[in-house]
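A short worksheet on the structure shown next.
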Amino acid sequence: MVKRRIGLLGGTFDPIHFGHLLLAEEVRVALPLERVLFVPAGQPPHKLDEPHTEPAHRLRMLELAIADNPGFGISRVDIDRPGPHYSFDMVRLVQAELGAEVELFFLMGLDSLATILTWRMPERLLELCQLVVACRPGCDVDLKALVAALPALEWRALFISMPLMEIAGVDLRRRVRCGHSIRYQVPEAARQYVEQNRLYGAGPPGG
C-alpha cells in the first residue's frame, strides 16, 4: 500500500512569516507531499525563558496566513496540551492521529539540524519520521560529525535547496515595537491582525 506523505513544520510562529511559508511550499512541491501541517508550539523547551504571544493569537495569524493554500493545514497537538513540547513527542501524537497509513516528514532548516544533538531523544525522532532539511546559501553544518553521533541521519535525512530569505520572528517583533513596517515580510492578513490586536507593542490601527 502506498502511504500518504504528510509534512510537519513546527514552530512558535510568533508571527508566521514568508520564510515559514516558503519552506513549507518548497518541500511540499519538491518531494512531493500531499499536505504540510503547521504545528504551533504552546511552550517550546528551548525558549522557556522567552515571553510568547498567547497561543490563540498565534494560531489565528497562522489560520489567516494559510487560508488560500489547500496544500497547507494546522495540527493542534502541541498547542492544546501542557508543555514543554518536544519534537519526537509531537510527531508521535500526529502519527497516532493520522494513522499508520501516513508517512511523516519533519521539516527543518540547516541551522536547526546543527543543534539536533541537544534535542530530547533525537534518535527516537528519526525512528518516527524522515527529516527534510532546507539548505540555504551561507549556512553550513559539520554533517560528518553529526552522522558519527547520530548514524540514522545518513539514511533518514533529505536535503533540499532553498532560496535565501532572511526573516526572523525576533526581528519582526522588534520592528513592530519600534514602529517599523513588516509589510512584505508577513502575509498581509497576518500583518493586519498584528496591527488590529496591538501585538508586539503595535500602535493603533493605521497609526
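Key figures
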| item | result |
| --- | --- |
| Single match in ARG81, ARG120, ARG92 (criterion: surrounded by 17 or more Cβ atoms within 10 Å (Cβ to Cβ), more than 15 Å from the chain's Cα centre (by Cα) and basic (Lys, Arg)) | ARG92 |
| Of all residues making up the range 1-30, the number that are in a loop (DSSP other than H, G, I, E, B) and out of contact with any Leu (no Cβ under 7 Å at 6 or more places or on another chain) | 5 |
| Any hit, the range 166-175, residues being touching an Asp or Glu at 6+ places or on another chain (Cβ under 6 Å) and of a type outside the set (Gly, Ala, Ser) | no |
| Answer residue from the range 169-183, given it is free of Cβ contacts under 8 Å to residues at least 12 places away in the same chain and exposed (fewer than 13 other Cβ atoms within 10 Å of the Cβ) and is farthest from ALA67 (Cα to Cα) among those | CYS178 |
| Condition check for PRO163: farther than 25 Å from GLU54 by Cβ, modelled with pLDDT of 95 or more and not aromatic (Phe, Trp, Tyr) | no |
| Test set (1) at pLDDT below 90; (2) touching a Phe, Trp or Tyr at 6+ places or on another chain (Cβ under 8 Å); (3) of a type outside the set (Val, Ile, Thr) - LEU172 fails condition number | (1) |
| Pairs with Cβ under 9 Å, 6+ apart, first in the range 106-120 and β-branched (Val, Ile, Thr), second part of a loop (DSSP other than H, G, I, E, B) | ILE116/LEU150 |
| Tally, over the range 46-77, of residues that are modelled with pLDDT under 95 and either of a type in the set (Asp, Glu) or in contact with a His (Cβ under 7 Å, 6 or more places away or on another chain) (or both) | 3 |
| Residues located in the range 48-58, provided they are in contact (Cβ under 8 Å) with a residue 24 or more places away in the chain and either under 15 Å from the mean Cα position of the chain (by Cα) or in a loop (DSSP other than H, G, I, E, B) (or both) | LEU48, HIS52, THR53, PRO55, ARG58 |
| Enumeration of residues in the range 62-74 that are farther than 14 Å from LEU33 by Cβ, in a loop (DSSP other than H, G, I, E, B) and in contact (Cβ under 8 Å) with a residue 12 or more places away in the chain | ALA67 |
| Residue that is among the small types (Gly, Ala, Ser) and modelled with pLDDT of 95 or more, where the choices are ALA134, ALA190 | ALA190 |
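The values are calculated or read from the model by the stated rules, or taken from the named source; none is laboratory data. No experiment lies behind these values; they were computed from the predicted model shown. Note: ideal-geometry Cβ built from the backbone for every residue, glycine included; neighbour counts use all protein chains shown.
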